[in-house]
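Q: Please see the structure below; I have some questions.
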Amino acid sequence: MLWIELLIFLACIVIGARIGGIGMGVIAGIGLIIFVFLFQMPPGSPPVIVLGMILAVITALSTMEAAGGLDYLVSVAEKVMRKNPKSITFVAPFVTYILIFASGTQHVIYALLPVIAEISRKAGVRPERPMSISVIAAMHGLVASPISAATVALVGSLAGLDVTLPQIMMVTIPSTLIAVFIGALSVLKRGKNLADDPVYQEKLAKGLLAEETQSEKKVLEGKELALAKGSTIMFFLAIVVVVIVGMFPGLRPTYETIVNGAAQTGQISMAKTIIILMLATAGIIMVFFKAQPGKTIAGKTMKSGLVALISILGISWLGSSFYEANQLVIIDSIKTIIEGQQWVFAIGLFLLSILLFSQAATITILMPVGVALGIPAPILIAVYPAVNGYFFLPTYGTVIAAVSFDQTGTTKIGKYLLNHSFMLPGLVTTISAVVISLLLTSVF
């Protein structure tokens, strides 16, 4: 019966991934009907607190976008890259990393990719080099970001192990930054220079390349610029407060409740603290920096965030039902595989992320299994960057966008599917991040 249930679980993931969008979440609902109503398996439960944290962060991000904050961040990033065109293979991924780290969403990379392609071509640098590593850098910037859905899901999953957000960041930030540098080195000399590339030269000779212009973007001036800057500063202040409260648990307020006639003292959890702070940040941005509610809901960040929420709701609930019905078998099987080599858990995260196309969903499903197996918190934190395996199949949005924006044709999906431009920097960067994280956790 276990294998039939596993096949249904995997089928829901594959079919949902092929449909795209909220497909994974709603197809998981069909799986839940089969599990719960036909097979009479335990219903499991969705990760309510994790979903609440993600929704609150998305709301704060969306209000910042509505106030012009994301446009402002992108304009700053573009100026930095245009100052160093010849070094674009190194500059672009680090600018991308910092921008994604600060904003907590990969959505902003879509505004950067055409800029990277344009600067590369004008500088005579093969666009495949900075384009491929920038896409990978965005994934790792998201892993390191304290307010990304994936990190929020990790904090929630490790709550019972007394792991704090600053402890996670002490490992993920340096490991991913160094890994991105190593990834950039791996593509520094990749392929022929544009002047020697026959495909590009043929396109150039035939006039198949459109005249490149400055990337289309909204120019912020005057009051709009002031509001955009203010919303950005407010959002960053909120991130700083979250980190400080995580570093000093004593700052979280305590409260008293009456249970059976007796007073009991409690302290608000870090998860609820994040929810409150992010919702309050959204409110402040709306009031003081004129973020319109309608524009907030209609923005790309809110739309992509809701897609992620529905996907995580469905697939994590389906995974919870499958796990509860087969808990002993799953734990014993994985324990046998990783016994003595707990880092092997990273391979499970990598493989599942390929199927789910979501770091947060991967963490929500598999990290509680790691906790149940008794894997130490330092190891679980160290293998966290392994959730960036969804570059493996060249079907993710940022991968496809990078291929589309590169008019020279150097950034491509290979004839054999897996020999695409992102495989080398993706494997090098992800493996490096996990190895460096393991070294750092052994020190800390």
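Q: From the list Thr281, Thr273, which residue is surrounded by 15 or more Cβ atoms within 10 Å (Cβ to Cβ), within 24 Å of Ile54 (Cα to Cα), modelled with pLDDT under 90 and of a type in the set (S, T, N, Q)? Before you say what the answer is, go through the steps one by one.
A: On the way: Thr281 fails: modelled with pLDDT under 90.
None of the other options fit; the residue is Thr273.
Q: Then there's this: Kindly indicate whether any position in the range 100-111 is at pLDDT 90 or above, in contact with a Gly (Cβ under 9 Å, 6 or more places away or on another chain) and among the hydrophobic types (A, V, I, L, M, F, W, C).
A: First, the residues of the range 100-111 that are at pLDDT 90 or above: none.
Within the range 100-111, not a single residue is at pLDDT 90 or above, in contact with a Gly (Cβ under 9 Å, 6 or more places away or on another chain) and among the hydrophobic types (A, V, I, L, M, F, W, C).
Q: Can you tell me which condition Ile147 does not meet? The list is (1) hydrophobic (A, V, I, L, M, F, W, C); (2) modelled with pLDDT of 85 or more; (3) crowded, with 24+ Cβ neighbours inside 10 Å, and all the others hold.
A: Failing condition for Ile147: (2).
Q: Let me ask something additional. Return the pairs, sorted by first residue and then second, in which the second residue is in a helix (DSSP H, G or I) and of a type in the set (Gly, Ala, Ser), the first residue lies in the range 325-344 and is within 21 Å of Val435 (Cβ to Cβ), the beta carbons are less than 8 Å apart, and the residues are 6+ apart or on different chains.
A: Filtered contacts from the range 325-344: Trp343/Ala382.
Q: Within the range 245-253, is there a residue that is under 21 Å from the mean Cα position of the chain (by Cα) and at negative phi?
A: First, pick out the residues of the range 245-253 that are under 21 Å from the mean Cα position of the chain (by Cα): 246.
In the following step, the residues that additionally are at negative phi were identified as 246.
For the range 245-253, residues under 21 Å from the mean Cα position of the chain (by Cα) and at negative phi: present.
Q: Quick check: is even one residue across the range 302-310 closer than 30 Å to Met1 by Cβ and surrounded by fewer than 22 Cβ atoms within 10 Å (Cβ to Cβ)? Before you say what the answer is, go through the steps one by one.
A: Step one: list which residues in the range 302-310 are closer than 30 Å to Met1 by Cβ, which gives 310.
Still in the running and surrounded by fewer than 22 Cβ atoms within 10 Å (Cβ to Cβ): 310.
The answer is yes; a qualifying residue exists.
Q: Checking Val403 against (1) outside any loop (DSSP other than H, G, I, E, B); (2) touching a residue at least 24 places away in the same chain (Cβ under 8 Å); (3) buried (at least 21 other Cβ atoms within 10 Å of the Cβ); (4) β-branched (Val, Ile, Thr), which test does it fail?
A: Condition (2) is where Val403 drops out.
Q: Could I ask something else about it? Being closer than 29 Å to Ser269 by Cβ and either touching a Leu at 6+ places or on another chain (Cβ under 9 Å) or of a type outside the set (Asp, Glu) (or both): is that true of Leu70 here? Let's see the steps before the verdict.
A: Numbers: closer than 29 Å to Ser269 by Cβ: no; either touching a Leu at 6+ places or on another chain (Cβ under 9 Å) or of a type outside the set (Asp, Glu) (or both): yes.
When the stated conditions are applied, Leu70 does not pass them.
Q: Still on this structure, please answer the following. Pairs under 6 Å by beta carbon, first residue closer than 16 Å to Thr281 by Cβ and modelled with pLDDT under 80 in the range 238-254, partner surrounded by 12 or more Cβ atoms within 10 Å (Cβ to Cβ) and of a type in the set (S, T, N, Q), six or more apart or different chains?
A: Gly246/Thr164
Q: Assess whether Leu177 counts as being in a helix (DSSP H, G or I), closer than 24 Å to Val95 by Cα, within 18 Å of the chain's Cα centre (by Cα) and free of Cβ contacts under 8 Å to residues at least 60 places away in the same chain.
A: Numbers: in a helix (DSSP H, G or I): yes; closer than 24 Å to Val95 by Cα: yes; within 18 Å of the chain's Cα centre (by Cα): yes; free of Cβ contacts under 8 Å to residues at least 60 places away in the same chain: no.
When the stated conditions are applied, Leu177 does not pass them.
Q: In the range 180-219, which residues are at pLDDT below 80, basic (Lys, Arg) and under 32 Å from the mean Cα position of the chain (by Cα)?
A: Hits for the range 180-219 are Lys217, Lys218.
Q: Still on this structure: If you take the residues of the range 32-67 that are of a type in the set (S, T, N, Q) and either farther than 26 Å from Gly16 by Cα or modelled with pLDDT of 85 or more (or both), which of them is surrounded by the fewest Cβ atoms within 10 Å (Cβ to Cβ)? It would help to see each step written out before you state the result.
A: Filtering the range 32-67 down to residues of a type in the set (S, T, N, Q) leaves 40, 45, 59, 62-63.
Subsequent filtering for residues that are either farther than 26 Å from Gly16 by Cα or modelled with pLDDT of 85 or more (or both) retains 40, 59, 62-63.
Numbers: Gln40: 9, Thr59: 23, Ser62: 28, Thr63: 29.
Residue satisfying both the conditions and the ranking: Gln40.
Q: Is one or more of the residues making up the range 285-299 assigned to a helix (DSSP H, G or I) and under 30 Å from Ile8 (Cα atoms)?
A: Quick first cut of the range 285-299, residues assigned to a helix (DSSP H, G or I) only: 285-288, 293-298.
Subset that is under 30 Å from Ile8 (Cα atoms): none.
No, the range 285-299 contains no residue that is assigned to a helix (DSSP H, G or I) and under 30 Å from Ile8 (Cα atoms).
Q: Right, next: Is one or more of the residues making up the range 406-424 touching a residue at least 60 places away in the same chain (Cβ under 8 Å), within 24 Å of Phe345 (Cα to Cα), buried (at least 22 other Cβ atoms within 10 Å of the Cβ) and touching a Gly at 6+ places or on another chain (Cβ under 6 Å)? Walk me through how you get there before you give the answer.
A: Looking only at the range 406-424, we keep the residues that are touching a residue at least 60 places away in the same chain (Cβ under 8 Å), and these are 406-412, 421-422, 424.
Add one more test, that the residue is within 24 Å of Phe345 (Cα to Cα), and what stays is 422, 424.
Those left that are additionally buried (at least 22 other Cβ atoms within 10 Å of the Cβ): 422.
Checking which are touching a Gly at 6+ places or on another chain (Cβ under 6 Å) leaves us with none.
Within the range 406-424, not a single residue is touching a residue at least 60 places away in the same chain (Cβ under 8 Å), within 24 Å of Phe345 (Cα to Cα), buried (at least 22 other Cβ atoms within 10 Å of the Cβ) and touching a Gly at 6+ places or on another chain (Cβ under 6 Å).
Q: Can you tell me which residues in the range 311-337 are surrounded by 18 or more Cβ atoms within 10 Å (Cβ to Cβ) and either more than 30 Å from Trp3 (Cβ to Cβ) or small (Gly, Ala, Ser) (or both)?
A: Those that are surrounded by 18 or more Cβ atoms within 10 Å (Cβ to Cβ) and either more than 30 Å from Trp3 (Cβ to Cβ) or small (Gly, Ala, Ser) (or both): Ser311, Gly314, Ser316, Gly319, Ser320, Ser321, Ala325.
Q: Right, something else. Which residue pairs have Cβ atoms under 7 Å apart, sit 6 or more places apart or on different chains, and have a first residue in the range 13-36 that is over 14 Å from Leu318 (Cα atoms) and a second that is part of a helix (DSSP H, G or I) and small (Gly, Ala, Ser)?
A: Ile22/Ser311
Q: Considering only the range 406-439, how many residues are in a helix (DSSP H, G or I) and among the basic types (Lys, Arg)?
A: Initial filter on the range 406-439 (in a helix (DSSP H, G or I)): 423-439.
Imposing the further condition that a residue be among the basic types (Lys, Arg) reduces the set to none.
Within the range 406-439, residues that are in a helix (DSSP H, G or I) and among the basic types (Lys, Arg) number 0.
Q: Condition first: out of contact with any Pro (no Cβ under 8 Å at 6 or more places or on another chain), without any contact (Cβ under 8 Å) to a residue 40 or more places away in the chain and within 30 Å of Ile330 (Cα to Cα). Can you find one or more residues in the range 376-385 that meet it? So that I can check it myself, show each step before the final result.
A: Let us first name the residues in the range 376-385 that are out of contact with any Pro (no Cβ under 8 Å at 6 or more places or on another chain), namely 376-385.
Subset that is without any contact (Cβ under 8 Å) to a residue 40 or more places away in the chain: 376.
Of the ones still in play, those that are also within 30 Å of Ile330 (Cα to Cα) are 376.
Within the range 376-385 (the criterion being out of contact with any Pro (no Cβ under 8 Å at 6 or more places or on another chain), without any contact (Cβ under 8 Å) to a residue 40 or more places away in the chain and within 30 Å of Ile330 (Cα to Cα)), the answer is yes, since at least one residue qualifies.
Q: Being surrounded by fewer than 19 Cβ atoms within 10 Å (Cβ to Cβ) and not in a helix (DSSP H, G or I) is the filter; apply it to the range 68-125 and report the residue that is farthest from the chain's Cα centre (by Cα).
A: Gly124
Residue-by-condition table, conditions (1) under 13 Å from Ala325 (Cα atoms); (2) not aromatic (Phe, Trp, Tyr):
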{"site": "Glu5", "(1), (2)": "yes, yes"}
{"site": "Phe9", "(1), (2)": "yes, no"}
{"site": "Gly16", "(1), (2)": "no, yes"}
{"site": "Leu32", "(1), (2)": "yes, yes"}
{"site": "Val36", "(1), (2)": "yes, yes"}
{"site": "Met41", "(1), (2)": "yes, yes"}
{"site": "Ser45", "(1), (2)": "yes, yes"}
{"site": "Val50", "(1), (2)": "no, yes"}
{"site": "Ile54", "(1), (2)": "no, yes"}
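Q: Same structure, new question: I'd like to verify a number: residues in the range 10-31 that are at pLDDT 85 or above, crowded, with 18+ Cβ neighbours inside 10 Å and hydrophobic (A, V, I, L, M, F, W, C), how many?
A: Total satisfying the criteria: 3.
Q: Something else now. Name the one entry in Gly222, Gly261, Gly266, Gly230 that is more than 22 Å from the chain's Cα centre (by Cα), touching a residue at least 12 places away in the same chain (Cβ under 8 Å) and more than 29 Å from Leu154 (Cα to Cα). Steps first, answer last, please.
A: Working: Gly222 fails: touching a residue at least 12 places away in the same chain (Cβ under 8 Å); Gly261 fails: touching a residue at least 12 places away in the same chain (Cβ under 8 Å); Gly266 fails: more than 29 Å from Leu154 (Cα to Cα).
From the options Gly222, Gly261, Gly266, Gly230, the qualifying one is Gly230.
The values are calculated or read from the model by the stated rules, or taken from the named source; none is laboratory data. Since the structure is predicted, the reported quantities are computational estimates derived from the model, not experimental observations. Neighbour counts are summed over all protein chains in view; Cβ atoms, including those assigned to glycine, are modelled from backbone coordinates with ideal geometry.
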